């Protein structure tokens with residue numbers, strides 16, 4: 001991205017970033033390589049080739065045989081006495097402060 005700065009004498013100076021310079025260098029390199037191939041200075045000897053034939057087979061849908069010996073899990077309830085706190089509420093009449101506005 002280009003930055004525009006003002007010099008002390010009022011002139012505007014445009015300063016571009018490094019991305020533009022790198023892009024110009026890359027284009028020049030590609031042009032030189034293309035020229036070298038076009039003139040025959042460089043050549044590439046490409047022969048036909050093929051990927052190897054690979055046969056893959058798989059048997060699906062079978063689960064492994066597993067022999068599992070486990071303990072028996074027993075779930076249930078039993079009667080036990082424990083102390084449970086009881087909360088009791090009572091209604092009492094007390095004086096509560098009140099704030100209000102009085103009209104004249």
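Taking the centroid of alpha carbons for each part, segment 30-64 and segment 69-84 are 68 Å apart.
Sorting 64-75, 29-40 by their mean Cβ neighbour count within 10 Å, with the most densely packed peptide first, gives 29-40, 64-75. Between the labelled values (1) 88; (2) 67; (3) 75, the entry that holds percent of Cα pairs over 15 Å apart as derived from this structure is (1). Could you work out the helix-only [θ] at 222 nm for the chain, with each DSSP H run of four or more residues adding -39,500 (n - 2.57) and the total divided by the number of residues, to the nearest 500 deg cm²/dmol? So the helix-based figure for the chain works out to -7500 deg cm²/dmol.
Read-outs: derived from the displayed coordinates by stated rules, not from any lab. The structure displayed is predicted, hence computed values, not measured ones. Every residue, glycine as well, gets a Cβ built from its backbone with ideal geometry; the counts of neighbours run over all protein chains shown.
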